[in-house]
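First up is the structure itself, then whatever we jot down about it.
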Amino acid sequence: GIRNIGLGYLPTYLEHLKCQKVDGKAVPKLHDTGAGTFFVDAGQGFAHPAIDKGIPVLVEKANANGIAAMGIGNSYACGVLGHLVEPVARQGLLAMGFANAPAIIAPWGGKTPLFGTNPMAVAIPSASRPPVIIDQASSKVAKVAIFDRQRAGEPLDEGWALDKDGRPTIDPEEALNGSMLAIGGYKGTGLAMFVEVMAAALTASNWSFTAPLFNDNLGGPPKTGQFFVALDPVRFGSEQFLTHIEALFSAILAQDGTQLPSDERLVSRERTAQDGIYLDTELYNRLKGYKS
């Protein structure tokens with residue numbers, strides 16, 4: 001449901017395989033650490049095989065214990081975090097995910113990046129619709145939005161970024177050499193720090209400020225981390241959780257002009273299933289160059 005995060009990253013993934021920033025032959029290893037906890041070592045490979053290996057175990061442990069948590073370490077970019085928690089919610093569990101990324105956000109009052117865009121996602125099960133997904137970065141916009149404007153030769157919106165001297169900028173190049181602004185000011189840097197603790201500290205992964213960038217071929221494997229939690233909602237005093245949560249969804253939608261957080265993505269997903277995937281000429285030509 002998100003056009004600019006998907007095939008657009010494939011050239012980067014292929015380049016990282018070539019320069020060994022990611023190990024395409026890595027086999028994730030799962031380490032059971034308790035009744036409701038476990039860790040998956042991604043082996044400096046792609047995040048998705050490690051997450052795919054762990055999700056069935058996460059669901060099984062949450063169903064057995066009411067709550068379960070999975071750490072992913074020695075990892076790489078995981079793409080759209082909401083897509084990864086959605087399958088868990090489809091099985092009736094409330095799911096949360098956290099991921100750290102190479103530094104691009106300065107701490108409040110500073111000008112040197114320490115935190116990544118550090119997304120978090122929540123997937124809420126529903127009896128009447130697909131899971132409702134809240135998926136957002138700690139920055140005002142995702143980093144890919146800066147790259148999109150850079151490629152298009154267009155300025156940024158005001159309030160997105162600072163240059164290396166900590167001054168507001170609308171120049172994408174200056175933003176990439178400076179820092180992005182956190183969502184909600186100092187509260188956003190607090191959110192970025194919280195995600196950093198969940199995704200990096202708990203998994204012994206690289207801090208955002210020590211992780212090599214996802215968008216170049218320098219510095220070796222990023223070795224970032226992800227963290228996932230699944231909860232059985234009926235274990236916490238709400239046996240009628242699905243009925244109860246429906247009242248919240250209905251109250252939101254009762255107001256004109258409102259929508260639930262993932263509604264636009266669902267519409268986009270349905271459109272793509274019907275019309276196919278749009279591929280611009282530049283990206284198509286780049287991908288053709290990798291066919292051999």
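Before moving on, here are some points about what is shown:
- Among the residues of the stretch 52-71, none is identified as β-branched (Val, Ile, Thr) and in contact with a Ser or Thr (Cβ under 7 Å, 6 or more places away or on another chain).
- Single residue of Gln255, Gln274 found to be assigned to a loop (DSSP other than H, G, I, E, B), of a type outside the set (Lys, Arg), exposed (fewer than 13 other Cβ atoms within 10 Å of the Cβ) and not assigned by TED's automatic domain parsing to the domain that holds Gly73: Gln255
- All conditions in (1) more than 16 Å from Lys21 (Cβ to Cβ); (2) touching a strand residue (DSSP E or B) at 6+ places or on another chain (Cβ under 8 Å); (3) surrounded by fewer than 23 Cβ atoms within 10 Å (Cβ to Cβ) hold for Gln44, with the sole exception of (1).
- Exactly one residue among Pro212, Pro155, Pro221 is modelled with pLDDT of 95 or more and surrounded by fewer than 16 Cβ atoms within 10 Å (Cβ to Cβ), and that residue is Pro155.
- Of everything in the stretch 1-41 that is among the aliphatic types (A, V, I, L, M) and surrounded by fewer than 17 Cβ atoms within 10 Å (Cβ to Cβ), the residue that is farthest from Thr203 (Cα to Cα) is Leu7.
- When Pro222, Pro155 are checked against the criterion of being under 22 Å from the mean Cα position of the chain (by Cα) and in a loop (DSSP other than H, G, I, E, B), Pro222 stands alone in meeting it.
- Scanning the stretch 186-206 for residues that are part of a loop (DSSP other than H, G, I, E, B), in the same structural domain as Gln20 (by TED's automatic domain parsing), under 24 Å from Arg149 (Cβ atoms) and of a type outside the set (Val, Ile, Thr) turns up nothing.
The values are calculated or read from the model by the stated rules, or taken from the named source; none is laboratory data. Just so we're clear, the structure is a prediction, and the values are computed from it rather than from any experiment. Cβ coordinates were reconstructed from backbone atoms using ideal geometry, including for glycine residues, and neighbour counts include every protein chain displayed.
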